[in-house]
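The values are calculated or read from the model by the stated rules, or taken from the named source; none is laboratory data. All figures in this text were calculated on a predicted structure; none of them were measured in a lab. Here the Cβ positions follow ideal geometry from the backbone for every residue, glycine too, while neighbour counts run over all protein chains shown. Calculation scope for accessible area: heavy atoms of the full protein, side chains included, ligands and nucleic acids excluded. Shrake-Rupley method; radii C 1.70, N 1.55, O 1.52, S 1.80 Å.
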Amino acid sequence: MWLMRQAGRYMDTYQAVRKRVSFMELCRTPELACEVTMMPIEQLGVDAAILFSDILVPLEPMGVKVWFDGGPQIAPAVRCAADVDALRFEGVADDVGYVYEAIGLIRKELASREIPLLGFSGSPWTLASYIIEGGTSRNHHELKRLMFTEPEAMHRLLDKLARVVSAYLRRQIEAGVTAVQIFDTWGILLDRPTWEEFSGQYTARIMRELADCNVPIIHFAKGTHLLPAVEALPCDVVSVDWTVDLGALRAQLGAHRGIQGNIDPAVMRAPDAVIEKAALRCLEAHGPGPGHVVNFGHGITPDANVHAARHLVQAVQELGTSFGGVA
Ligand code: CP3
């Protein structure tokens, strides 16, 4: 078990680091990224580490500025075919050497413990949403405008992003991550056929390109309506939100692929007894047998606290042994 966004603002130790440096500086400083990556390993006892970085990190060398001011800001936003054509893609993965340096440092820290290290990227579609909207958006009007009015430009953008993501994940694997997760946070904006055209086909291509790396690939998306299409992706683990019935998904997927999820992160605000119940429910929903990576259905929120997160991790680890979990 591990927790999406397990290193973050809900931790005092993370806040202390953030008092000294901006979020992007933190991402760009391998020693600090390593220190923060290790916090949930030490404080929560999770079974996996995830590289501390952000999905927006590889956008900067494509030719935009990325900073955080309340939420993520990207400028200039990409709004038309000419903007798309001006973006760089070749050599972009080579320009974020600090990410691979951080991976090397984290691997050294983890050497004495048998803990996997996950790398990650946004999906091309999710990265497109940020680069077109210029940040997090309420209604994604610009993203959908480009998709519906200039589909060729949109496909050229997604193609560039897919090339960047593919090279970026390969470099992370070469640097030492032992699994990768692709976050399609904004896949949920699309109906299934539109998702297949503008998100799924690009992510599938990346997955096929990484097949020779022989590391597990996890795909994360929210939305039950996408599941039949997500199941068709050539990935090893399907990560789902809390609205999905894990037992039904297990029956659908068969025994040979992993399922990740799917506790509602809002349970972090509840008393310990409710957290234990959520842990048990999640384990029961999947049922006994291997292949269940327990996690939240989306990232932990800043209003969580370390006690609640640790309590959840311990509950899952203890109860999990009766469900085929590895202690
Ligand atoms: O999981 C981990 O511990 C690894 C680190 C990680 C971060 N972001 C750190 C972060 C990972 C895997 C991400 C992924 C990410 N980033 C996604 C996909 C997952 C998801 O949540 O859907 C997305 C969409 C982003 C983009 C992003 N980064 C947003 C929208 C924000 C602002 C919202 C927020 O929660 O503040 C961020 C900032 C961010 N990324 C923080 C952290 C710890 C908070 C920054 C701070 O210290 O102020």
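Please tell me if A49 is within 12 Å of the ligand (Cβ to nearest atom), under 19 Å from I173 (Cα atoms) and either without any contact (Cβ under 8 Å) to a residue 12 or more places away in the chain or of a type in the set (G, A, S) (or both).
yes
Taking region 279-299, which residues are open to solvent by less than 20 Å² (accessible area, probe 1.4 Å) and either assigned to a helix (DSSP H, G or I) or without any contact (Cβ under 8 Å) to a residue 24 or more places away in the chain (or both)?
Result: A279, C282, L283, H286.
Would you call P302 within 16 Å of the ligand (Cβ to nearest atom), open to solvent by 40 Å² or more (accessible area, probe 1.4 Å) and assigned to a loop (DSSP other than H, G, I, E, B)?
So P302 passes the test.
What do you reckon, is K222 buried (at least 17 other Cβ atoms within 10 Å of the Cβ), of a type in the set (D, E, K, R) and within 12 Å of the ligand (Cβ to nearest atom)?
yes
Considering region 138-191 alone, what residues qualify as being farther than 30 Å from L117 by Cα, among the acidic types (D, E) and part of a helix (DSSP H, G or I)?
E142, E152
Determine, yes or no, whether V17 is farther than 30 Å from G325 by Cβ, near the ligand (Cβ under 10 Å from one of its atoms), without any contact (Cβ under 8 Å) to a residue 60 or more places away in the chain and under 16 Å from the mean Cα position of the chain (by Cα).
In short, no.
Given the criterion under 17 Å from the mean Cα position of the chain (by Cα) and among the acidic types (D, E), identify the matching residue among D184, D191.
Exactly one residue qualifies, and that residue is D184.
Quick grid of which residues meet (1) within 15 Å of the ligand (Cβ to nearest atom); (2) closer than 19 Å to D184 by Cβ; (3) among the polar types (S, T, N, Q):
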| site | (1), (2), (3) |
| --- | --- |
| D85 | no, no, no |
| D95 | no, no, no |
| K108 | no, no, no |
| E114 | no, no, no |
| S121 | yes, yes, yes |
| L127 | yes, yes, no |
| I131 | yes, yes, no |
| K144 | no, yes, no |
| E150 | no, no, no |
